[in-house]
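Structure record follows, encoded as structure tokens.
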Amino acid sequence: MAPLIGLLLMLGLALIFLNAIFEQEVLFEHLNGEDLPILNRVSQLSSRVSNNYVRLLKVMGAAGQELDEEGVYERGTPLLDELNEIEEELNSLPSDYPLDDLEQAKYRVLLDAFGVYRNDVITAVEMGTVNLEMAGFHIRGVARHYLAINQLFQELQRIFQEDIKREIGKQWEHSKQQLINYSMLLIITVAGMIVSGLLLARLMSADVQRMIKAMVELAKGNTGVQVPASVMASRELKAMGQALIVFRDSLIKLADSQERYQQLAQHDTLTGLPNRLLFHDRLNHALNRANRSKIGLALLFLDLDRFKQINDAFGHPMGDRLLALVAKDLLEALREEDTIARLGGDEFVVILEGVHGRDHVINVAEKLLAVIGRERSLDSLQMHIGVSIGISLYPEDGEDVTTLVRNADAAMYQAKAKGRNGYAFYTPMLTEVLEASFELERAMRQAVEQEQFLLLYQPQVDVESGDIVGVEVLLRWQHPELGLMLPEQFISLAEESGLILPLGRWLVRQALQQASQWQLDGLRPVRLSINISNHQLADVQFASELGELLGQFGLDPGLIELEVTENSCAENLEILIEHLESIKALGVQIAIDDFGTGYSSLSYLKQFPVDTLKVDRTFIHDLIGSMENQAIVRAMIVLGRSLGLQVISEGVEQSAELAWLRAEGCDTYQGFLHSQPMSAEAFAQLIMP
């Protein structure tokens, strides 16, 4: 009788074990079904707001130019409809998912801020159909409120991530304690069985001892224990052995679930690298270790160069694949004790511990430049990408996470300013420079809205006849405080800030519109040369948009010439050739600007549909006094002639320079010798019939 009672007790405890495991599975199903989905939903809403904002800027940037009032209304209305849908989803969050007090408070702030943002967008779109100046005023308000709600979205996501991490940890500890308690009860019951069932103990004492040992190990968390084969062969003990196996397997599953949720909460889903949350935690620990050991630490902030152009040209799936490859290469290039994290987009950070001087950091930075810069093959396309690296050091450049990250970020912008694909160490002066750069970017955004940019025109003259055969369009910024600014003072910032595309579209439209006006005025037709940026050249829509403008203004494509810089010809050759051929198919001419100053290559001159070479002014300066400059310019003229290309020399300021160019067979020149850049009205006087 005693053995039967003992067996029933064992089966009862087995059921208690299974119930405990079931409760833990329900818990993790709760996390998977509630906390993670709300995190994902908030992330999706944040992305939708960002995409909506970008499309809004495109619509409003085209207002009054490509789009009339009706066009603004047609393209703006779907954006407003989408904002209404987003607001409805935001309003439904509390009913779909329970929020605690902190989440509820942050959610309310976000909801109120989104309402203000949505109202500003509605007003801006409505004003865009009647008053562009007022629309521009409201767009500035939209931009401010967008930044605010974007920050609130990030804070809310961070709260959800921390809640998941905290809940998993708490429930894991609770479940472990429960399992230990049940294990001890099981051990006590087994001991009682042994005392009360002497006969059973005599028959199976060895197997019982093995079971007790396995239970004790399992209670300690050792999930590698095995049930003795003799137990599974015993009719009396088999049920207990099966219960122990179920208990062990469920404990393993519970541990796997915790690990999986920890991974989701702390790692980037695309690359598998630590995300911003885990990076901050690791950097804090690294700073504490560095403080105790008095050994240096370096933070490297990496930003891929011109990654947006790859996304624009090939789409986000291709960009994501490239990011995953870069992340893999970075992991392989760094030590196991180093931390590499992805902050988002194309931004990565590296924590280097145990740093002994700058030479160590320089070696790592140069290694990363080489690793990221190597050629990669994606779907038969050969891709090159560079990286700009900013470096801050502990304790010289900061003693806390926020300061080190901010200063490494500032140094990264300095690396970009120096020409990209390099590295720069933080210096205190960079903070002032960065603040000035942000101020200039803010002013530039206003300049685009307030039409502070203007175009000047410099004649291009036939070397032999002295006739004006063309004109180059030159961009200037009439800054309200700094006066007239040259492109080299603001173009790089426009590229970094993303303003280069709307600015470039404005320049092309204004130049073509002016050429159309000269045509209507009956002036003598001349070639119009327009500089375009690398970003425009990478835009898959550029050729079609250019074709529409040529048709709209009734211009002969053969009288339009687009100037591309030599350096832009060295990037993503397959894409570039495809886009240039699309432009060439319109009948437009193409010139290589600043020839000889970049990555000169005879091979790309053969591949590209180029019509003109422009000799850079740096070779014309001191042309008469420099035999080296003469040799270089002579070689360029001979090269152009042999390839059937027109050759234009820039920056001609002296009669002796012009005489030398005429003797060498140069076709065209421009420069102060003939005239300085001038207004459209002044140039019109020069080409009167």
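The values are calculated or read from the model by the stated rules, or taken from the named source; none is laboratory data. These figures come from a predicted structure and were not determined experimentally. Note that each Cβ is placed from the backbone with ideal geometry, even for glycine, and that neighbours are counted across all protein chains shown.
Quick look at the numbers
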read-out: Test: Leu643 is buried (at least 17 other Cβ atoms within 10 Å of the Cβ) and at negative phi; value: no
read-out: Residue in segment 511-524 that is crowded, with 17+ Cβ neighbours inside 10 Å, at pLDDT 95 or above, under 27 Å from Val54 (Cβ atoms) and among the small types (Gly, Ala, Ser) present; value: yes
read-out: Among (1) out of contact with any Gly (no Cβ under 6 Å at 6 or more places or on another chain); (2) in a helix (DSSP H, G or I); (3) in the same structural domain as Gly373 (by TED's automatic domain parsing) - the single one Met412 does not satisfy; value: (1)
read-out: Any pair with Cβ under 7 angstrom, 6 or more apart, that starts in segment 588-605 at a residue that is among the hydrophobic types (A, V, I, L, M, F, W, C) and ends at one that is in a loop (DSSP other than H, G, I, E, B) and modelled with pLDDT under 75; value: Ile592/Glu566; Phe595/Glu566
read-out: Test result for Val469, under 21 Å from Phe683 (Cβ atoms) and touching a Leu at 6+ places or on another chain (Cβ under 7 Å); value: no
read-out: Scope segment 454-468; condition surrounded by fewer than 19 Cβ atoms within 10 Å (Cβ to Cβ) and either at negative phi or in contact (Cβ under 8 Å) with a residue 60 or more places away in the chain (or both); matching residues; value: Leu454, Leu455, Leu456, Asp462, Glu464, Ser465, Asp467
read-out: Given (1) farther than 18 Å from Val471 by Cβ; (2) free of Cβ contacts under 8 Å to residues at least 60 places away in the same chain, number of the condition Arg662 does not satisfy; value: (2)
read-out: Residue, farthest from Ile592 (Cα to Cα), within segment 532-567, restricted to residues that are in contact with a helix residue (DSSP H, G or I) (Cβ under 7 Å, 6 or more places away or on another chain) and part of a loop (DSSP other than H, G, I, E, B); value: Gly554
read-out: Residue satisfying all of: in segment 670-681; out of contact with any Asp or Glu (no Cβ under 8 Å at 6 or more places or on another chain) and in contact (Cβ under 8 Å) with a residue 60 or more places away in the chain; nearest to Gly644 (Cα to Cα) among these; value: His674
read-out: Scan of segment 489-545 for residues that are β-branched (Val, Ile, Thr) and farther than 22 Å from Glu581 by Cβ, ordered by number; value: Ile491, Ile500, Val526
read-out: Qualifying residue in segment 394-403 (condition: surrounded by 21 or more Cβ atoms within 10 Å (Cβ to Cβ), within 24 Å of Leu343 (Cα to Cα) and not β-branched (Val, Ile, Thr)); value: yes
read-out: Filter result for the condition that a residue is on the phi < 0 side of the Ramachandran plot, hydrophobic (A, V, I, L, M, F, W, C) and either outside any helix (DSSP H, G or I) or not assigned by TED's automatic domain parsing to the domain that holds Glu574 (or both), over Ile637, Ile632, Ile624; value: Ile624
read-out: Contacts under 9 angstrom Cβ, first residue in segment 80-100 being polar (S, T, N, Q), partner surrounded by 15 or more Cβ atoms within 10 Å (Cβ to Cβ) and at pLDDT 70 or above, 6 or more apart; value: Asn84/Arg118; Asn91/Leu111
read-out: Residue in segment 625-639 that is loosely packed, with under 13 Cβ neighbours inside 10 Å and of a type in the set (Asp, Glu) present; value: yes
read-out: Unique residue being in contact with a Gly (Cβ under 6 Å, 6 or more places away or on another chain) and of a type outside the set (Lys, Arg) when the list is Val371, Val355, Val364; value: Val355
read-out: Residues (touching a strand residue (DSSP E or B) at 6+ places or on another chain (Cβ under 6 Å), under 26 Å from Ala408 (Cβ atoms) and either small (Gly, Ala, Ser) or outside any strand (DSSP E or B) (or both)) located in segment 365-391; value: Ala365, Ile372, Ile385, Ser388, Gly390
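Table: residues versus (1) outside the structural domain of Ser529 (by TED's automatic domain parsing); (2) under 30 Å from Glu375 (Cα atoms).
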residue: Asp593; (1), (2): no, yes
residue: Ser642; (1), (2): no, no
residue: Leu658; (1), (2): no, no
residue: Ala663; (1), (2): no, no
residue: Tyr669; (1), (2): no, no
residue: Gln685; (1), (2): yes, no
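Conditions (1) part of a loop (DSSP other than H, G, I, E, B); (2) at pLDDT 90 or above; (3) within 30 Å of Ala494 (Cβ to Cβ), marked per residue:
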position	(1), (2), (3)
Glu259	no, no, no
Gln262	no, no, no
Ala265	no, no, no
Leu283	no, yes, no
Ala290	no, yes, no
Asp303	no, yes, yes
Ala313	no, no, yes
Pro317	no, no, yes
Ile340	no, yes, no
